[in-house]
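A.B. asks: What follows is a structure written as structure tokens; I'll ask about it next.
The values are calculated or read from the model by the stated rules, or taken from the named source; none is laboratory data. Since the structure is predicted, the reported quantities are computational estimates derived from the model, not experimental observations. When we count neighbours, we look across all protein chains shown, and the Cβ atoms used for this are built from the backbone with ideal geometry, even at glycine.
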């Protein structure tokens, strides 16, 4: 049986509800059967990047991929981790927006390069390497890649943000199409 979009409501037959729940309800093979006990590396207990920086990378990835759901679900997590409203505004403006610290500017640039080129330039890699070790540098690439992949699923299946979640700062139709 092919995977089909499950209507959230009759007036929107092209949209899904929450990703895990709706996929599990519709799929002949459960999520657990497909993935077993596998968990993305960036969801493990060994997270090394500070929460604020992780959430900035996730928000920029959501912006770059046009993933409104990802943006809306991570906005409260980002704020709880210390990301300010000014930071959120800068995320949508990109690495050259005024007000970034040098490290944050290069992390946003890393997310952009990974999005557009599936790699980081030596110059972009070098700046975070001044602050982090190998484990954190690997986490940067894995984190952006993981949320890029999730955005593919969310966008392809039309998952909508649940009521009560805010997508402030996320403008429809605007994204980084390098």
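A.B. asks: Which is in a helix (DSSP H, G or I), under 19 Å from residue 132 (Cα atoms), out of contact with any strand residue (DSSP E or B) (no Cβ under 9 Å at 6 or more places or on another chain) and at pLDDT 90 or above, of 54, 73, 60?
C.D. replies: 54
A.B. asks: Just one of the numbered conditions (1) farther than 26 Å from residue 152 by Cβ; (2) touching a residue at least 24 places away in the same chain (Cβ under 8 Å); (3) part of a loop (DSSP other than H, G, I, E, B) is not true of residue 99; which one?
C.D. replies: Checking residue 99 against (1) farther than 26 Å from residue 152 by Cβ; (2) touching a residue at least 24 places away in the same chain (Cβ under 8 Å); (3) part of a loop (DSSP other than H, G, I, E, B), the one that fails is (2).
A.B. asks: Applying the selection to the range 131-173, what residues are at pLDDT below 85 and closer than 19 Å to residue 79 by Cα?
C.D. replies: Matches in the range 131-173: 161, 162, 163, 164, 165, 166, 167, 168, 169, 170, 171.
A.B. asks: Also, I was wondering about something else. Can residue 30 be described as surrounded by fewer than 13 Cβ atoms within 10 Å (Cβ to Cβ), over 17 Å from residue 144 (Cβ atoms) and at pLDDT below 90?
C.D. replies: Here the answer is yes, as residue 30 does meet what is asked.
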